[in-house]
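Everything on this sheet refers to the single structure shown next.
The values are calculated or read from the model by the stated rules, or taken from the named source; none is laboratory data. None of the values given here were measured: they were computed from a predicted structure. All Cβ positions, even for glycine, are placed from backbone atoms using ideal geometry, and neighbour counts span all protein chains on display. All accessible areas refer to the heavy atoms of the entire protein, side chains included, with ligands and DNA or RNA removed. Shrake-Rupley method; radii C 1.70, N 1.55, O 1.52, S 1.80 Å.
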Amino acid sequence: MEKRPYVTREQAEEIAKQYPTPFYLYDEAGIRRNAQAVKDAFSWNKGFREYFAVKATPNPSIMKIMLDYDFGFDCSSMSELLLAEAVGAKGEYIMFSSNETPAEEYAKAAELGGIINLDDITHIPFLEEIIGPAFPKTMSCRFNPGGVFTMSNGIMDNPGDSKYGMTKEQLFDAYAQLKDHGVENFGLHAFLASNTVSNEYYPILAAQLFELAKEAHEKLGIHFSFINLSGGVGVPYRPGEEANDIFAIGKGVQEQYEKILVPAGMGDLAIYCEMGRYMLAPYGALITRAIHEKHIYKEYIGVDACAANLMRPAMYGAYHHITVLGKEDAPCDQVYDVVGSLCENNDKFAIDRKLPKIDKGDLLFIHDAGAHGFAMGYNYNGRLWSAELLLCEDGSVKEIRRAQTLQDYFATFDRTEYADKLLGK
Ligand SMILES: *Cc1c(COP(=O)(O)O)cnc(C)c1O
């Protein structure tokens, strides 16, 4: 897949006059095009719903767009529940897929009428203490099959090593207990592999979950109303990687549905998913300016963003493609490390990257930062979060989150001794 920025250098410079770099820029047209494609790819399933994983891009203006496609929200913390509530979601539009959950968050999820997806069997008595013995009519459980999860292109992930979900035995036990608590409609959820750039992942996962639901239905006589395929559908971060085809994925799930569920008389089940990355990653970029160049044992370009704005490269060694705006078609005849200002040598957006010659003042477009990008921001070295901007369909730019200020950063210190002084009061 070729990587092309959705703004020109001129546009980005114009935006930078009003909103200093670094900033996040999201592409509304791209988000909408993709959301519609997801909806269309699963339109064969009557109850289909995507629950956008709020943690990927927790911004209400982005979440609001999702509501236009009748999507809901996958939440796993109090602030994510409050964000979902703030944009007007409630009831079955909220999926609460949390783990190690504090009591007050279960209480809030229940108050909103959201669907609670239990990560563990011990959460049943925990929940009973919070909401009493009569549980909501619809509830879900998270499954962990253990072992390793493989697809035809090799080992993908290691569920046996992950903290999430229940064993099969616990799962069946949990369903039986939930039934005693008055639950009538059951859901089954699993998340087995992350960032899968393969059309096989959802269909393989779906087949496993369909078989399991069928068995639980037969053994326990319970009614499943949905299967939640969760997140994990990936995007090609590197140019040349082939993107997932959401229509092939939808069709692959449909084939398993018709093969396994329909003959079992379970053809009324809804398919849910909780994609975050696939919904947003390609439609958000971090735009930063080259402010230094340094020639020592390697060639460095210093930019005004750092890992505090985008942690994935430092945390996972993740690749994010970089385009030097205005030099889209220039030859990549230089080799640079593109680095931020943190006093941490892993603060590198690119290592030994072939790029066109970068001049001080150039704007760099760091691709595929729309999910798990801004959201992972932190304040190490006292570096502040950037603004988030939405490039609207009509070409205008809307500030959907202002940049953090020093005032914000200092505000939580002891008021009497320090905060007032630092804030100049
Ligand atoms: C993180 C997460 C998601 C979203 O994952 P993506 O890889 O961004 O699609 C969905 N569901 C749960 C429970 C998660 O923890």
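When peptides 187-193, 147-153, 294-300 are ranked by their average number of other Cβ atoms within 10 Å per residue, the highest-first order is 187-193, 147-153, 294-300.
Which residues in the range 51-95 have a backbone N closer than 19 Å to a point placed 7 Å from the Cα of ILE130 along the Cα-to-Cβ line? Residues 54-55, 73-86, 89-95 fall inside that zone. Summary of packing: across the peptides 366-377, 161-172, the per-residue average of other C-beta atoms within 10 Å ranks them, highest first, as 366-377, 161-172. Extending 7 Å from the Cα toward the beta-carbon at both THR122 and LYS251 defines two label points whose distance is 4.6 nm. If you look at the Cα atoms of the chain, you get an Rg and a Dmax of 23.1, 71 Å.
For the Cα trace of the range 114-214, dividing Rg by the Kirkwood Rh returns an Rg/Rh value of 1.02.
Per-residue ellipticity at 222 nm, computed for the chain from helices alone with -39500 (n - 2.57) per DSSP H run of at least four residues, works out to -8000 deg cm²/dmol. For the chain, the relative contact order is 19 percent, taking Cα pairs closer than 8 Å that sit 6 or more residues apart in sequence and dividing their mean separation by the residue count. Accessible surface calculations at 1.4 Å, restricted to protein heavy atoms, place the chain at 43 Å² per residue.
If the segment from GLU328 to GLU258 were pulled out straight at 0.36 nm per residue, it would be longer than the present Cα-Cα gap by 20.6 nm.
You can think of it this way: the chain between ARG402 and MET78 has 114.5 nm of extra reach, that is 0.36 nm per residue less the Cα-Cα gap. What the Cβ-Cβ distance of LYS421 and LYS294 gives, at R0 = 45 Å and to the nearest 0.05, is a FRET efficiency of 0.80. A protection proxy built from the mean count of other Cβ atoms within 10 Å ranks the segments 285-291, 124-130, 38-44, most packed first, as 285-291, 38-44, 124-130. When the listed pairs LYS3/LYS163; LYS46/LYS251; LYS168/LYS219; LYS39/LYS90; LYS17/LYS294; LYS39/LYS108 are checked against a 24 Å cut-off, the alpha-carbon distance exceeds it for LYS3/LYS163; LYS17/LYS294; LYS39/LYS108.
Relative to its residue count, the range 254-405 spans a Cα convex hull of 186 Å³ per residue.
For the range 226-311, the ratio of Cα radius of gyration to the globular rule of thumb 2.2 N^0.38 Å stands at 1.77.
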